[in-house]
Amino acid sequence: MNFLEERILKDGVVKEGNVLKVDSFLNHQMDVQLFDQMGAEFAKRFAGKPINKILTIEASGIGIASVVALHFPGAPVVFAKKSQSINLDGDIYTAEVESFTHKNTNHVLVSKKYLGPDDHLLIIDDFLANGCALQGLIQIAIQAGATVEGIGIAVEKGFQAGGRMIRNLGYQLESLAIVESMDDKNGTVEFRPQ
């Protein structure tokens, strides 16, 4: 069992509807030391890749991606915004993303100033369920002509289709914890051996 799986068992809460609540350390209150461990692990798993940018999506991915970027010197974090703002001017890449957690659809946006054909991306996110957010980020990378070198996920719901779909597209997808099953009645989580 790895450090993230141990933390999920200690502080995670299983809720009805296949919801794993990890907001006390991952996506509301953030344990930055844990994020640093995650960054070190992603640096090992993607060693030798010419990663020069980290791409994520707001909001929960930003904290993790920022700390992970410390393990990829010189790689800034670019995050896809979920709404147009007056600060997002000029040409943009856009993709439609359905949220499992929020049960809505967003158009995510990245300024063309920050992604292009010379970029070698590591995509980082907190959760992978159905893969919609990742598909949107991959679409944006393709529009930019950038290369997706790898995808790092904190928690993957292995019983949902997203991970299998992304791997079938040929991407190196590394999830630090893959949940095989959850039971909200007794609060248990089973992990896929890695």
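Residues in segment 26-37 that are open to solvent by less than 60 Å² (accessible area, probe 1.4 Å), out of contact with any Gly (no Cβ under 8 Å at 6 or more places or on another chain) and at pLDDT 90 or above: ASP31, LEU34. For TYR114, the criteria (1) hydroxyl-bearing (Ser, Thr, Tyr); (2) out of contact with any strand residue (DSSP E or B) (no Cβ under 7 Å at 6 or more places or on another chain); (3) at pLDDT 90 or above hold in every case but one, which is (2). Could we say that ASP23 is closer than 19 Å to ILE140 by Cβ and either modelled with pLDDT under 95 or in contact with a strand residue (DSSP E or B) (Cβ under 9 Å, 6 or more places away or on another chain) (or both) here? So ASP23 does not fit the description; no. Only residues that are surrounded by fewer than 17 Cβ atoms within 10 Å (Cβ to Cβ) and either among the small types (Gly, Ala, Ser) or in a strand (DSSP E or B) (or both) were counted in segment 148-167, giving 1.
Residues checked against (1) in contact with an Asp or Glu (Cβ under 7 Å, 6 or more places away or on another chain); (2) farther than 20 Å from GLN172 by Cα; (3) of a type in the set (D, E, K, R); (4) modelled with pLDDT under 95:
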{"site": "GLY61", "(1), (2), (3), (4)": "yes, no, no, yes"}
{"site": "ALA75", "(1), (2), (3), (4)": "no, no, no, no"}
{"site": "ILE86", "(1), (2), (3), (4)": "no, yes, no, yes"}
{"site": "GLU96", "(1), (2), (3), (4)": "no, yes, yes, yes"}
{"site": "LEU122", "(1), (2), (3), (4)": "yes, no, no, no"}
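For ALA141, the test of being under 17 Å from THR94 (Cβ atoms) and not β-branched (Val, Ile, Thr) is passed. Quick check, is GLN135 outside any strand (DSSP E or B) and surrounded by fewer than 16 Cβ atoms within 10 Å (Cβ to Cβ)? No, not satisfied. In this structure, LEU176 does satisfy being at pLDDT 95 or above, open to solvent by less than 50 Å² (accessible area, probe 1.4 Å) and either outside any strand (DSSP E or B) or under 28 Å from LEU9 (Cα atoms) (or both).
Tell me which residues, restricted to segment 44-64, are aliphatic (A, V, I, L, M), surrounded by fewer than 21 Cβ atoms within 10 Å (Cβ to Cβ) and farther than 25 Å from ASP11 by Cα. Residue satisfying the conditions is ALA47 alone.
Applying the condition of being in a loop (DSSP other than H, G, I, E, B) and on the phi < 0 side of the Ramachandran plot to segment 103-124 and asking which residue is surrounded by the fewest Cβ atoms within 10 Å (Cβ to Cβ) yields PRO117.
So which residues in segment 1-18 are among the hydrophobic types (A, V, I, L, M, F, W, C) and exposed (fewer than 15 other Cβ atoms within 10 Å of the Cβ), if there are any at all? Answer for segment 1-18, where residues must be among the hydrophobic types (A, V, I, L, M, F, W, C) and exposed (fewer than 15 other Cβ atoms within 10 Å of the Cβ): MET1, PHE3, LEU9, VAL13.
The values are calculated or read from the model by the stated rules, or taken from the named source; none is laboratory data. These figures come from a predicted structure and were not determined experimentally. Backbone-built Cβ (ideal geometry, glycine too); neighbour counts: all protein chains shown. Side chains are part of the model used for accessible areas, which takes the heavy atoms of the whole protein and leaves out ligands, DNA and RNA. Shrake-Rupley method; radii C 1.70, N 1.55, O 1.52, S 1.80 Å.
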